[in-house]
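In what follows, a single structure is set out as structure tokens and then discussed.
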Amino acid sequence: MPAQPPPTVLVHGIRVSRTMWHPVADRLRAAGHKVEALDLPGHGVRRGEPFTLAAAVAAVTEAIDAVGGRALVAGLSLGGFVSIATAAAHPERVAGLVAMGCTTRPRGAYAMLYRRMAALAGASPRRADRLSAFTFSRLLPGAPGRAVLEGGLSSEVMPAAAAAIMGYDPIAALAAYPGPVTLVNGSRDPFRADERDFLAACRDGRLIVIPGRGHIDLLADPATLTGILHEVATR
């Protein structure tokens, strides 16, 4: 009999929550996978908690422990960076890593722009939430958009989350992780700027680029993401 694939832990993006993964998680469970999606500090049911990278890694580790102590860890955007940090900190618990929409080093003009956007969101979180809800609804019609908005938005956490990522070296973290890594980007995603450097840092890595997709709208095609996660877990 084939070996049972490891459980999958799903890590969400900035200012959203674990509900964004519902369309993917439902498909994975229907295919026989054990799945756990979590809320990071400052997001979803943990809204109001301080966000630090250490606290985020601890939250992912708790989710891994909840499904048996070892899992495939997959994250998008902020969740991708947190997943990389978790793999580097606890390689014995991370059976494999899928990092989506997070292959860029925060530096230079991009870093300044990102900090500025995060600061504006933190200064006017209700307005930022409304703008984000409009954007998500436009980019993610139907069930994916409803899933993203179901758990609420937490724009007030953006300055702390951005600062945590700006102060982290994801390429060094990837180099420290010995397990298999799959990097996933939309072909139109600006966050793929350094994907080749990220790939080169992996000891056992590969890169998947999804044509025609950007950053957030990777979620618009849950069937494709489910297929990637299913293949990685069973491989």
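Only the coordinates and a few stated rules stand behind these numbers; no lab work does. Every value quoted in this text rests on a predicted model; they were computed, and no experiment measured them. Cβ: placed from backbone, ideal geometry, glycine included. Neighbour counts: every protein chain shown.
Taking the dipole about the Cα centre of the chain, with the C-beta of Lys and Arg at +1 and of Asp and Glu at -1, give me whichever of SER124, GLY48, HIS230 is farthest to the positive side.
The listed residue farthest towards the positive side: SER124.
Cα gyration tensor of the chain, axes a ≥ b ≥ c as square roots of the eigenvalues: rounded (a/c below 1.5), prolate (a/b > b/c) or oblate?
rounded
Residue farthest toward the positive end of the dipole of the chain, with Cβ of Lys/Arg at +1 and Asp/Glu at -1: which of VAL35, LEU153, ALA58?
Positive-most Cα among the choices belongs to LEU153.
For the stretch 150-224, how big is Rg over Rh, using alpha carbon atoms and the Kirkwood form of Rh?
1.01
Apply the membrane-span-like helix rule to the chain: whole DSSP H runs, Cα extent along the own long axis of at least 15 Å, mean Kyte-Doolittle hydropathy at least 0.0. List the helices found.
53-66, 78-89, 108-123, 222-234
Calculate the dipole size of the chain relative to its Cα centre from +1 charges on Lys and Arg beta carbons and -1 charges on Asp and Glu beta carbons; express the result in debye to the nearest 20.
Result for the chain is approximately 480 debye, rounded to the nearest 20.
Once a ≥ b ≥ c are taken as the square roots of the eigenvalues of the Cα gyration tensor of the stretch 53-108, is the result rounded (a/c under 1.5), prolate (a/b larger than b/c) or oblate (a/b not larger than b/c)?
On the way: a/c = 2.28, a/b = 1.83, b/c = 1.25.
Prolate.
Computed over the Cα atoms of the stretch 42-180, what is the convex hull's projected area averaged over all directions, in nm²?
One quarter of the hull surface, i.e. the mean projection, equals 8.7 nm².
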